[in-house]
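Asks: My structure is below; once you've seen it, I'll send some questions.
The values are calculated or read from the model by the stated rules, or taken from the named source; none is laboratory data. All values reported here derive from a predicted model rather than from experimental measurement. Every residue, glycine as well, gets a Cβ built from its backbone with ideal geometry; the counts of neighbours run over all protein chains shown. The accessibility values were calculated without ligands, DNA or RNA, using every heavy atom of the protein model including side chains. Shrake-Rupley method; radii C 1.70, N 1.55, O 1.52, S 1.80 Å.
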Amino acid sequence: MKVLGIETSCDETGVAVYDDQLGLLGHELYSQVALHAVYGGVVPELASRDHVRKAAPLIDSLLQRIEVAPEGLDAIAYTAGPGLVGALMVGAMLGRSLAYGLGIPAVEVHHMEGHLLAPMLEDQRPTFPFLALLVSGGHTMLVRVEAVGDYQVLGESLDDAVGEAFDKTAKMLGLPYPGGPELAKLALTGDPSRYSFPRPMVDRPGLDFSFSGLKTFALNTLAKSAATSQDKADIARAFEEAVVDTLFIKARRALQETGLGSLVVAGGVGANQRLRDKLDTLDAAVFYPRPAFCTDNGAMIAYAGMQRLLAGNAMGLAVAVHPRWSLEGLGR
Amino acid sequence: MKLLAIDSATEACSAALWLDGEIISRFELAPRRHTELLLPMVDAVLAEAGLQLPQLDALAFGRGPGSFTGVRIATASVQGLAWAAGLPVVPVSTLAAIAQGMIDAQGAETVACAIDARMGEVYWAQYCRNARGVAELVGDEVVVPPVEVPLTPELKAWHAAGTGWGVYADVLRERLDSQAVDIDGERLPDSREIAKLAVDAFSRGVAVTPEQALPVYLRNKVTHQRGGKL
């Protein structure tokens, strides 16, 4: 069976076809990063306008490249939330109408479930149950994954998502948008011993996060410095160390509290090398999707959609999107 | 000629099936429920006619102007339907659909259409009934403040329609030098008129591929760059 996955929840248009026997047949991504860079953040209306221009041609070119005829598809999966409402509607209406036109089922996919299951697209895949650390521009979560659809959020950010904190701090340091990867690059030349940043909330019980204070700490440190390029590199390094340490400490605590033996790291910040190096020292098997599947993509939606299809979750013709959507209420 | 038209550009959501001059249609005033209603409407008109999508000759959609999100709901839907069924698509102006409504309902010869575009502006266009009985654009479609709507001095005795007239009747009437004879400030686009306009356009060779079926927003300044520069 082949499922076409469509992802349009934010600023990436992603499409992919997953086959339950053959695995991932192919995926395509159109990133809007350059479009939004000039505004210093995602402009929802521009994102929606781009999705409606790009999604259909992307599907067409994908199917031609992997030589799958539209009639060869068995279902369409689309991200129904959480995300930007206008952007979600484009993928949802396109996906649902495609499925109706082809006379095949449509399934809605929770974007974060897509991220949680993304490591299943790799050869090295975890077995259930496992702990997942979701770290992206929109989310910071520790999730106990019992099975497909059975998720318990153990902790999450009370303010900024970790990727958001990276981007905002990068912006403060004068780095171009999206600043996270740029900050990590700058941190490579920074002196780790010069500044010591706090590790927020690690001395308190629980698995929640808070990153907005770190951002403010970086701002104050910058204001007190001469703001030379070395100062900025040192601040970037101290900030990154603090974030990585905090995530590491909470992940270790979650593994201890749950007794789980494997950790899945997903979301765009999961591509951060210093974070990977640190998490690799945990007493657990650590799984990462390839970098292209850490960030938003169609492959994870096609995969999660296949699981939803197999569980019998096909949708009617009335389409609804869920800009805010709890991961815990999904069900198997 | 068998053609299916859909529209969700304004508060109205509709679908209409044109079968050689007969029309089967659904229409509902349902702000914010378009994603829910549109495909069930499509399914209902096809079922009533006992037809499947691939048996049609073409699809049509209200390509705007209107609510950005609403226009995209119809656009994404028509792209999917057309791509799946291998059908050509005829994009139809929602302003023209309103004009066609006035031509069919009131016997109008000239129609000045205005859709409320919020932010103190209207989507505006003027139409004449042509020899085929079809609304034909005179001048351009624009988004402007009501006091600045462009005029066509040689044409008189306008029928006026659209939500822009509902909100700015006085300003627009003055702008038209009181040449508006009949004002319908509540008229919305309907897929029935979109189907009629699309059949006429299709017969003259107007059609695009599913990927080329795209919105016409008219309002393209939707944001400011950092630093306030446009």
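Asks: Measure off, as a whole percent, the carbon and sulfur share of the 1.4 Å-probe accessible area of the protein assembly as shown, all protein chains present. Before the final figure, lay out each step's value.
Replies: Working: 10780 of 21650 Å².
Answer for the protein assembly as shown: carbon and sulfur cover 50 percent of the accessible area.
Asks: Another one. Please list 3J(HN,Hα) in residue order for segment B:190-196, calculated via the Karplus relation 6.51 cos²θ - 1.76 cosθ + 1.60 where θ = phi - 60°; whole Hz, with x for glycine and proline.
Replies: Residue by residue, segment B:190-196 yields 9, 4, 4, 6, 4, 4, 4 Hz.
Asks: Please provide three numbers in whole Å: the alpha-carbon extents of segment A:79-162 along the principal axes, with the largest listed first.
Replies: Dimensions of segment A:79-162 along the principal axes of its Cα atoms: 40, 32, 21 Å.
Asks: Find how many whole Å separate the alpha carbon centroid of segment B:160-186 from the alpha carbon centroid of segment A:242-286.
Replies: Taking the Cα centre of each part, segment A:242-286 and segment B:160-186 sit 64 Å apart.
Asks: Next question. Which value, in debye to the nearest 20, describes the size of the charge dipole of segment B:94-184 about its Cα centre when Lys and Arg Cβ atoms bear +1, Asp and Glu Cβ atoms bear -1, and nothing else is charged?
Replies: Numbers: 6 positive and 14 negative charges, 27 e Å.
Result for segment B:94-184 is approximately 120 debye, rounded to the nearest 20.
Asks: DSSP H helices in chain A with Cα extent of 20 Å or more along the helix axis and mean Kyte-Doolittle hydropathy at least 0.0?
Replies: Result, helices passing both filters: A:85-102.
Asks: What residue among A:161, A:223, A:292 shows peak mean-square fluctuation when chain A is described by a Gaussian network model with Cα springs under 10 Å?
Replies: It is A:223.
Asks: Could you state the accessible area per residue of segment B:94-184 in Å², with a 1.4 Å probe and every protein chain left in place? Working shown, then result.
Replies: Values: 3930 Å² over 91 residues.
So segment B:94-184 comes to 43 Å² accessible per residue, rounded to a whole number.
Asks: While we're on this one: Once Lys and Arg get +1 and Asp and Glu get -1 on their Cβ, which of A:97, A:112, A:222 lies farthest toward the positive end of the dipole of chain A?
Replies: Selected residue: A:222.
Asks: Taking every residue in A:3-14, how many Cβ atoms of other protein chains lie within 10 Å of its Cβ, on average?
Replies: 0
Asks: On to the next question. Quick check on segment B:94-184: of the DSSP beta bridges with both residues there, what percent are antiparallel, nearest 5%?
Replies: 65 percent
Asks: Moving to a separate point now. Average projected area of the Cα convex hull of the protein assembly as shown, in nm²?
Replies: On the way: hull surface 111.5 nm².
Over all viewing directions, the protein assembly as shown projects a mean Cα-hull area of 27.9 nm².
Asks: Rounded to whole Hz and in sequence order, give me ³J(HN,Hα) for segment A:279-289 from the Karplus expression 6.51 cos²θ - 1.76 cosθ + 1.60, θ = phi - 60°, writing x for Gly and Pro.
Replies: Values per residue, Gly and Pro as x: 5, 5, 7, 5, 7, 6, 7, 10, 10, 10, x Hz.
Asks: Straight distance only, please: which lysines reach the Cα of residue B:196 with their own Cα at less than 30 Å, same-chain residues fewer than 8 apart left out?
Replies: A:54, B:2, B:156
Asks: Amide H neighbours of residue A:24 under 5 Å, at least 5 residues apart or on other chains, H built in the peptide plane: list them.
Replies: A:19
Asks: How big, on average over all directions, is the shadow cast by the Cα convex hull of chain B, in nm²?
Replies: 13.0 nm²
Asks: Which whole number in µm²/s is D for segment B:1-103 by Stokes-Einstein, with the Kirkwood Rh taken over Cα pairs at 25 °C and 0.890 mPa s?
Replies: Details: Rh = 13.4 Å.
D, rounded to a whole number, is 183 µm²/s.
Asks: Before rounding to the nearest 500, sum -39500 (n - 2.57) across all DSSP H runs of length at least 4 in the protein assembly as shown and divide by the residue total; then give [θ] at 222 nm in deg cm²/dmol.
Replies: On the way: 16 runs with 211 residues, N = 562.
Calculated at 222 nm, the ellipticity per residue is -12000 deg cm²/dmol.
Asks: May I pose another question? Nearest 100 Å² is fine: how much accessible area is buried between B and A, summed over both sides, with a 1.4 Å probe?
Replies: Adding both sides of the contact gives about 2900 Å².
Asks: Using only Cα positions of chain A, each an equal point scatterer, no hydration layer, compute I(q)/I(0) via Debye at q = 0.13 Å⁻¹ and quote the log10 values to two decimals.
Replies: Calculated log10 I(q)/I(0) at the listed q: -0.94.
Asks: Turning to a different aspect of this structure: Where the only charges are on Cβ atoms (+1 Lys, Arg; -1 Asp, Glu), what is the dipole of the protein assembly as shown about its Cα centre, to the nearest 20 debye?
Replies: 1180 debye
Asks: Name the residues of segment A:285-332 whose accessible area falls by at least 30 Å² when all protein chains are present instead of the chain alone, probe 1.4 Å?
Replies: A:317, A:318, A:319
Asks: Follow-up. Could you list which residues have their amide H under 5 Å from that of residue A:140, counting only those 5 or more apart in sequence or on another chain, with H placed in the peptide plane?
Replies: Sorted by chain and number, the residues that satisfy this are A:157, A:162.
Asks: Using the scaling law 2.2 N^0.38 Å as the reference, what is the normalised Cα Rg of segment A:1-58?
Replies: 1.29
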